[in-house]
Amino acid sequence: MRVMPMPADANGNGDIFGGWIMAQVDLAGSVLPARISRGRIATVAVNEFIFKQPVSVGDLLSFYAQVTRIGRTSITVHVEVFAERNPANPHVVKVTEANLTYVAIDREGKSRVIGEA
């Protein structure tokens, strides 16, 4: 997933709010579990979240997700976020990484076995 934060996503110093980055990580991290579980999922845990460098308005963020564990009802995903900075002389830096756990849920919002509808 790629996204460029806008001025509305920043504080007065031009740094992007951590909560905005967390929301984007959750979106990027949820794609694989939704496909693997073949149905609804819910975020049940943010196991680790590390902000390595500030993100600025105009940085082009790339989110990469990898499944690290598949359980009976849950899937854990590692997400890395890289910022491409300075379009005139681009360079890429890792700005965030996180581990999140998602659980497969049924129509009533109760956990279900992965792969079952």
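Would you mind getting me the FRET efficiency between Ala34 and Lys110? Use the beta-carbon distance for r and R0 = 25 Å, nearest 0.05. That pair, Ala34 with Lys110, gives E of 0.90. Projected label points at Met6 and Ser56, each 7 Å from Cα along the beta carbon direction, are separated by 2.1 nanometres.
The angle between the Cα long axis of helix 18-37 and the main principal axis of the chain comes to about 40°, on a 0 to 90 degree scale.
Once Rh for the chain is found with the Kirkwood sum over Cα pairs, what is the Stokes-Einstein diffusion coefficient at 37 °C and 0.692 mPa s, in µm²/s? Don't skip to the answer; put the middle values down first.
Details: Rh = 15.0 Å.
Value of D from the Cα-based Kirkwood radius: 219 µm²/s.
Distant-in-sequence amide contacts of Ile105, defined by a placed amide H-H separation under 5 Å and a gap of 5 or more residues or a different chain, comprise Arg40, Ile41, Ala42, Arg112. Considering only alpha-carbon pairs that sit under 8 angstrom and 6 or more positions apart, the relative contact order computed for the chain is 31 percent.
Readers should treat all values here as calculations from the given coordinates under stated rules, not as data from a laboratory. Since this is a predicted model, take the numbers as computed values, not measurements. In this analysis, Cβ positions are derived from the backbone assuming ideal geometry, glycine residues included, and neighbour counts consider all displayed protein chains.
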